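**Q** Can you keep this structure in mind? I'll have questions shortly.
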Amino acid sequence: MTRYDLVRTPFGNLLDTFFSDSLNGAAHHYAPNPAHSDWAGFRVKAKENGYSLEADLAGVKKEDLKIEVLGDTLKVSGFRGSKEEKDGFCEYSEFTKTFSVGSDVDTDNIEARFENGYLNLFIPKAANKKAKLIDLK
């Protein structure tokens, strides 16, 4: 093991923690995942009454964007460009980003706005989801 490995491993763990896909906790900026795309950057901000998720999706059309919730997973996917070849080139790029929303959110009342290539989601916290103290017997 070299000195470089001793520095790289803790730093890599820090980055992995910082860029995790959980909405629970402090605000994060999500770097694009090169395996999916190199242009769809997401930002999550924790607020008192929910979470704000923002994304710059330049070139994506509203009809080419899909947002789904399944259980405690929020999935945002889409594409831009066309698969048709033009002058020997195809300008097409797609992305998929998933987030674990946890059990403290109200997935039935998520608000989504998409305007001028900018996506803004508001994920409200559930009103009646509070910590419950369990009595020991």
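The values are calculated or read from the model by the stated rules, or taken from the named source; none is laboratory data. Just so it is clear, the model here is predicted, and its values are computed rather than measured. Please note: Cβ atoms are built from the backbone with ideal geometry, for glycine as well, and neighbour counts cover all protein chains shown. Calculation scope for accessible area: heavy atoms of the full protein, side chains included, ligands and nucleic acids excluded. Shrake-Rupley method; radii C 1.70, N 1.55, O 1.52, S 1.80 Å.
**Q** When the dipole is taken about the Cα centre of segment 98-137, and only Lys, Arg (+1) and Asp, Glu (-1) are charged at their Cβ, what size is it in debye, to the nearest 20?
**A** On the way: 6 positive and 6 negative charges, 57 e Å.
Around 280 debye, computed over segment 98-137.
**Q** Another one. With a 1.4 Å probe and all protein chains left in place, how much of the accessible area of segment 90-137 comes from carbon and sulfur atoms, in whole percent?
**A** Here it works out to 45 percent.
**Q** With the Cα gyration tensor of segment 78-137 giving a ≥ b ≥ c as the square roots of its eigenvalues, does the rule (a/c under 1.5 for rounded; else a/b larger than b/c for prolate; else oblate) give rounded, prolate or oblate?
**A** prolate
**Q** Can you compute the radius of gyration and Dmax for segment 42-107, using only the Cα atoms, both in Å?
**A** 15.2, 51
**Q** Report, by chain and number, residues whose modeled amide H sits under 5 Å from the one on Ala126, excluding near sequence neighbours (fewer than 5 apart, same chain).
**A** Amide H neighbours of Ala126, under 5 Å, 5+ apart: Val105, Asp106.
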